[in-house]
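What follows is one structure encoded as structure tokens, with my remarks underneath.
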């Protein structure tokens with residue numbers, strides 16, 4: 001009797017613990033949505049969220065009735081139910097065949113239609129309609145860090161992307177080594193970076209904020225730390241940041257880029273006050289002649305006088 005009582009006590013205690021564990025797991029899962037694809041902060045991410053929900057709704061419209069029908073059939077045709085008809089000679093039903101084939105076909109058409117339309121609406125190259133002038137950012141994935149070059153501003157940053165809010169950002173992306181994947185979940189559209197190739201992406205942040213970005217493609221030992229922050233600021237703050245960056249920090253030319261391209265991990269964010277003209281093209285086509293340092297100085301003078 002004592003042993004049986006102890007077993008009952010342990011059983012009673014385990015249920016609250018299990019419930020608490022499930023609650024913690026559910027809270028952790030929902031908490032992860034606060035900075036992910038289900039918490040969009042731009043038009044591209046919002047459209048992608050809608051695609052996820054539309055596809056989920058279409059599939060649940062098939063899955064839920066199927067589960068209910070399976071349970072209903074199993075319950076009705078149980079061995080103890082004498083009212084269930086027994087039809088040993090049944091072999092074909094045109095109506096049943098129509099239902100069996102029409103529902104999957106309709107699902108494929110609906111989900112495929114959403115995918116077809118969205119693939120054109122969310123083409124990474126398609127410009128985002130806006131009254132603001134787009135900002136161009138050249139992205140280079142390195143081992144294991146991100147380089148962001150602002151050709152119009154003549155500056156660059158590492159592991160920190162600063163962009164003006166409510167302004168389209170036109171990304172040109174490449175890799176200095178292995179293939180990587182550029183992804184800011186709250187802004188949308190992960191896209192691959194590949195050596196000697198350029199991919200294109202258009203994004204926009206609706207409002208100022210800090211959004212986490214990372215590589216979604218395993219690329220070696222430092223992959224876990226290959227993260228960056230995307231800081232969306234007001235246009236005025238972006239202009240101030242660009243001006244401050246031009247007045248401090250080193251110059252990104254061929255020698256400093258060669259030093260930066262060496263594999264390093266957990267690199268803190270920093271900036272370059274000037275960038276050698278044509279550096280991004282040189283990264284794409286390394287066989288081309290590097291830019292002469294005097295050209296860099298001349299370009300810096302031109303940009304300084306322009307601003």
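The numbers here are math on the coordinates, done by the rules we state, and not lab data. These numbers were taken from a predicted model, which means no experiment stands behind them. Because the Cβ atoms are built from the backbone with ideal geometry, glycine has one as well, and the counts that use them run over all protein chains shown.
If you take the Cα centroid of the range 202-255 and the Cα centroid of the range 121-188, the two points sit 8 Å apart. The alpha carbon gyration tensor of the range 43-109 gives principal lengths a ≥ b ≥ c with a/c of 1.5 or higher and a/b no greater than b/c, which makes the shape oblate. Each of 79, 256 was scored by other Cβ atoms within 10 Å of its Cβ. Listed from fewest to most, they are 79, 256.
Fully extending the segment from residue 91 to residue 197, taken as 0.36 nm per residue of separation minus the present Cα-Cα distance, adds 32.3 nm.
Shape of the range 135-306 from its Cα gyration tensor (a ≥ b ≥ c, root eigenvalues): rounded if a/c is under 1.5, otherwise prolate when a/b > b/c, or oblate? Mind dumping the intermediate values first?
Details: a/c = 1.62, a/b = 1.08, b/c = 1.50.
Oblate.
Sorting 78, 160, 83 by the number of Cβ atoms found within 10 Å of their own Cβ, with the fewest placed first, yields 83, 78, 160.
Each peptide in 161-170, 128-137 was scored by the mean count of other Cβ atoms within 10 Å over its residues; highest first, the order is 161-170, 128-137.
Only Cα pairs under 8 Å and 6+ residues apart enter the sum, and on that basis the relative contact order of the range 135-306 stands at 25 percent.
Can you tell me the length gained on complete extension of the stretch residue 68 to residue 287, counting 0.36 nm per residue apart and subtracting the Cα distance?
On the way: separation 219, 0.36 × 219 = 78.84 nm, distance 6.36 nm.
Gain in length upon complete extension: 72.5 nm.
Annotation for residue 39 and residue 119: the two label points, set 7 Å from Cα along the Cα-Cβ direction, are 3.2 nm apart.
For the range 189-289, the relative contact order comes to 26 percent (Cα pairs under 8 Å, sequence separation of at least 6).
Give me 236, 48 ranked fewest to most by other Cβ atoms within 10 Å of their Cβ, as a rough exposure proxy.
Values: 236 9, 48 19.
Going from sparsest to densest Cβ surroundings: 236, 48.
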